[in-house]
Amino acid sequence: MAEAIVTRPARREPIRFSKPSILGVGTMVWLGSELMFFSGLFAAYFTIRAHDGSPWPPAGIRLDTLQSGIFSTVLVLSSLAMQKAVFEAEHDRPRSAMRWIAITFAMGGAFVANQAFEWATLKFGPQTDAYGSLFYVMSGVHGLHVIVGLAAMLLMLVRLKGLKGGSRHLPGLQALSYYWHFVDIVWVALFACLFLVH
Amino acid sequence: MTSLLSTEKTGSQVEESHPPGGFYRWITSVDHKVIGKNYMYTALTFMFIAGAMALLIRTQLFNPNGHVVGQQTYNELFTIHGSMMLYLFAGPFAFGGFANYIVPLQIGAPDMAFPRLNNLSYWLFLTGGSTMLLGFFTASGAAAFGWVAYAPLSSNPYSPGPGPDLWIVSIALVGFSGIFTGVNLVTTIFYLRAPGLTMFRMPLFTWSMLVTGILILVAFPVLTAALVMLYADRHFGAHFFSVQGGGVPVMWQNLFWFFGHPEVYILALPFFGIISEVVPVFARKPIFGYRGMVFATLAIAGLSTGVWAHHMFTTGTVLLPFFSALSLLIAVPTGIKVFTWIATIWGGQIRFGVPMLFAMGFIPAFVMGGITGVMLASPPIDFYTHDTYFVVAHFHQVLIATTIFAGFAGIYYWYPKITGRMLSERIGRWNFWITYLGFWVTFMPQYLLGLRGMPRRIAVYSATDGFTFLNRVSTVGAYVMAIGMALFLVNVVRSWRRPVAAEDNPWDGATLEWATSSPPPTHNFHSLPPIRSARPVWDANHPEHSDAAPVIAGGDESAH
Amino acid sequence: MTRMARAARAASVVAAGLVLASCKIPSFGAYHGNTVQGNSTYHLWQGFFIASVFVGGITFLLLGFALVRFRRRGDAIPKQVHGNTKLEVFYTVVPVLIVAVLFVFTVRVENKVDAVSNHPNLRVDVTAFQWGWKFYYPDYKVTTITQGVGAYPTLELPVGETATFRLVSNDVVHGFYLPQFDFSRYALPGVTNYFDFTPQRTASFTGRCSQLCGLYHAEMLFSVHVVTPAQFARWISNHQESQVTK
Ligand code: HEA
Ligand code: HEA
Ligand code: CUA
Ligand SMILES: [Cu+2]
């Protein structure tokens, strides 16, 4: 019988800039399922729209597209800040990475604050009609995703604090950045559907 | 056999996989083997509970105008029976149980990619499952709108009360559990394969689980989205599924079945994988056409996302020829699998151990159910049989063939590995034959009932309908089946009271899980054989019949 | 070449089975479909059944033969065969051909069953609700409706005449199911469905609700009477009178 070789695959991968970490792979796989979740909502949106013969959004729905547009831009730009944070961490500059995470946090926070303000002042609710239902559920679950991202950033900051080398948390930060980019891209599509398309 | 592959065996090795510390350590364990076992115990418990509900259902239908339970209770019973069997037994049993336990072993990994996430999955599953049962203890009863929860019946005006809400929450939690396990397994398979184990050397069981995982990630989130909308309709006055506010009721059916049809293959594929492990080992041949099987698995998964509206032929709102054609086409890759299994035993030396018995019982049962599925895929025939007992018979045949027969094949096959003990072959044979007999007696009459016009989900029928005799036969069959299932419990209890130690590789298995001890140590492997084919353990044990190409000295990829 | 020939032969056997599906062939448990539409469904069913016996039979024979012939005879290790591309292609292509034939017949029958006449002899508007039915004959302004549990409404149809049905639901999803017509169709809130029946023989039977619609789903029945045109006319005028006097 041939020789048997003891192999125990390494659990913790060394830092690699080219190949994503196991956490990164896991995050991407999971984001695939998130994509399907939002696809379900978009499917509902287009189904209901197709069935509704009348103008869209229905009469009586008034949205401040400009204000939302500004905060949407802020959210999209926060992706760049997040990427900068990853870049800093990759080059072993945890302090700077933390600063950029904080900036991202502030931008995301501004977005959520605006959304809360919007919800409080809008003249229609989820019970008004199917458009209202779509608006609140779609922007609501997206807002929840943003909040989860913000919480993860706080956690990241706590973890990075007091560390000499940020590299130990690099996979986590990279995974967080995938998530954040995803949340931003989804918002672009949502914004187009809920605010722009008539 | 080499001493490197087999370790000494002691009766107390069962303890080795539970680190000391008792119950607390056990429930907080992140070891995939402990979690896998927890999944199996829990899922099987749900199966027996749901099976007991099935017996109540059958008892109610024994007589016309039965009054064993009231109509409301009856509706709750089949709703929870179906939901529990599909969401809490079949899926978690295969995907949380077998996959969790076996896949890391088969790919030579020390654990899953994310052990703590794995533990979370299990707790979400247990919490979700218990939540569903809680419905029975609320004043207005459990959910009573069928496992498919068609809107608007499932929305507030027609199904008020906490029971339906508990059902929604339960499915959502179990869905998250499935998604997390899916992420975990897919990542594990991509990332943690042992050196030398290329994708096309992976055991077919692992392949099935990979594809199932992907299918879960595609299908379940859509259900979650639908549940969010349903919940919003129920509690925030939203109008997704109500005509009055501009919503579209039939949208529920589209969203649900976009999940629901892949779901039935999520249930079937893992069990196909089990059959693909058991059949070659017991025929002592390699699987016939490995690549064809991989292709067929992928084709089934791909097609299954495009056939959902075959559950909606009678709505009059879907494109019939398209969905009919794709549904019919699924027979082709499924047929490839069936013929592959037959070709694998062809020319073999078939040993009829209990796992093989269940596997061979699986094939006719599944083919029968699959062929009636093909009939249903023809819209005119479906107009006739939709929502009748013909459909009930179809899906029980495929579901029980896969989850029960192939499931038992898997249990009997891996039980020695998992527990370090053998199950009794004699009781196992009775377990098989009685369950099998009961199965055919229960479900064949239901086809005829369907053709005679008996709708499903009815608590009562009239004596003049002509359904009585066939219903009685079916009920008797269900009780026979229950006796057969009870024998499984007897067998397990026996192995527990009077253990018979299992060897490391009692069936002459070919894949890596048989290269470690029974049960495996916490880190799974002390050593791995070289992997030069899809059957590394076979190559090691039968060098003269090995699959692997001859080794050129010094030029071996797994020597590093 | 021989492979293709065998495939073609297999396909033609199935096709022949479908074509031969005349009334001489047993019903295999199904109703004959007491309408022109339902009858073509019935013939399709016969064809599918024969094809299934053929496919299932071959599968079971192969399996049974292998199980008996290749059961364990000793400890020798059998020849390790890893596959055979020709055979694999064969058992992929043949099922494709079979389902293609099944599909062609399906589409033909489907077109017949789903056709809605431009000039029906009769129109019936069906409304489903929890837990009953309303049948309205707009040409005659006659209505029959569920009057409570056990008091089922009647759907009266003249034999040989094409009736176009208009089906809606007032609340949840119901299934308008006539077993002896080999047909059902959902009554969906927000959707209107149309279909035709041309009854072939006089008969009486029970119609049902097939889709779960809540507590009394099991008792959402109605009576179907297929009668001669003369009887139908009499029934209509009786009802017109009683509705006027009411
Ligand atoms: C394990 C689960 C499972 C599996 C594998 C299948 C497999 C199939 N099912 Fe089934 N099905 C269900 C579970 C499953 N189903 C459930 C739960 C429901 C009811 C849900 C509800 O309403 O509650 C349902 C309902 C259902 C319907 C809707 C019926 C109705 O409500 O009116 C239809 C219609 O097309 C259908 C079709 C099929 C087809 C075509 C297959 C095919 O995949 C089968 C393919 C297999 C074979 C054909 C046999 C082997 C092949 C050969 C031997 C090759 C040669 C064969 C030919 C050339 C024909 N199924
Ligand atoms: C994997 C899935 C699965 C399995 C295994 C089963 C197993 C069984 N089912 Fe189930 N069934 C469904 C999935 C399943 N079912 C689904 C999805 C529905 C549709 C629901 C809906 O309409 O929404 C359904 C509906 C359904 C109906 C139709 C109800 C109706 O429409 O009115 C019937 C009726 O006969 C039935 C019967 C049975 C029987 C007799 C078994 C038997 O095989 C059960 C055998 C097992 C046992 C009998 C367990 C053994 C019990 C003991 C040993 C003793 C008791 C133990 C304890 C109390 C712990 N089922
Ligand atoms: Cu109406 Cu069931
Ligand atoms: Cu399906």
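The values are calculated or read from the model by the stated rules, or taken from the named source; none is laboratory data. Computed from a predicted model, the values in this text were never measured in an experiment. Virtual Cβ from ideal backbone geometry, glycine too; neighbours counted across all protein chains shown.
For this structure, a couple of remarks:
- Scanning segment C:108-128 for residues that are within 14 Å of chain B (Cβ to nearest Cβ) and either over 23 Å from the mean Cα position of the chain (by Cα) or within 16 Å of ligand 4 (Cβ to nearest atom) (or both) turns up nothing.
- Search result, residues across segment C:49-64 that are over 27 Å from B:PHE352 (Cα atoms) and β-branched (Val, Ile, Thr): C:ILE50, C:VAL53
Condition check ((1) surrounded by 21 or more Cβ atoms within 10 Å (Cβ to Cβ); (2) of a type in the set (Asp, Glu); (3) part of a helix (DSSP H, G or I)) across all residues:
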residue: A:PRO126; (1), (2), (3): yes, no, no
residue: A:SER133; (1), (2), (3): yes, no, yes
residue: A:VAL137; (1), (2), (3): yes, no, yes
residue: A:GLY149; (1), (2), (3): yes, no, yes
residue: A:ARG159; (1), (2), (3): no, no, yes
residue: A:GLY172; (1), (2), (3): no, no, yes
residue: A:TYR179; (1), (2), (3): no, no, yes
residue: A:ALA192; (1), (2), (3): no, no, yes
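- Among the residues here, A:ALA120 does not qualify as surrounded by fewer than 15 Cβ atoms within 10 Å (Cβ to Cβ), at negative phi, at pLDDT 95 or above and part of a helix (DSSP H, G or I).
- Restricting attention to segment B:231-249, the residues that are in contact with a helix residue (DSSP H, G or I) (Cβ under 6 Å, 6 or more places away or on another chain) and surrounded by 24 or more Cβ atoms within 10 Å (Cβ to Cβ) add up to 6.
- Here segment B:413-446 is the region considered, the condition is being aliphatic (A, V, I, L, M) and closer than 13 Å to B:GLY353 by Cα, and the residue that is surrounded by the most Cβ atoms within 10 Å (Cβ to Cβ) is B:LEU423.
- Across segment B:131-186, the qualifying residues are those that are over 18 Å from B:GLN253 (Cβ atoms) and free of Cβ contacts under 8 Å to residues at least 24 places away in the same chain, and the one among them that is surrounded by the fewest Cβ atoms within 10 Å (Cβ to Cβ) is B:ALA139.
Okay, residues lined up against (1) away from chain A (no Cβ under 14 Å); (2) on the phi < 0 side of the Ramachandran plot; (3) over 15 Å from the mean Cα position of the chain (by Cα):
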site: B:PRO104; (1), (2), (3): no, yes, yes
site: B:GLY108; (1), (2), (3): no, no, yes
site: B:ASN118; (1), (2), (3): no, yes, yes
site: B:GLY129; (1), (2), (3): yes, yes, yes
site: B:LEU133; (1), (2), (3): yes, yes, yes
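- Qualifying residues in segment C:139-184 (those that are more than 16 Å from ligand 2 (Cβ to nearest atom) and of a type in the set (Gly, Ala, Ser)) - the one farthest from C:THR35 (Cα to Cα): C:GLY148
- Only listed residue being within 16 Å of ligand 4 (Cβ to nearest atom), within 11 Å of chain C (Cβ to nearest Cβ) and out of contact with any Leu (no Cβ under 7 Å at 6 or more places or on another chain), chosen from B:ASP382, B:ASP387: B:ASP387
- Residue that is within 30 Å of B:TRP346 (Cα to Cα) and modelled with pLDDT of 95 or more, where the choices are C:LEU102, C:LEU44: C:LEU102
- Enumeration of residues in segment C:59-86 that are closer than 15 Å to B:ILE336 by Cβ and more than 7 Å from chain B (Cβ to nearest Cβ): C:ASN84, C:THR85, C:LYS86
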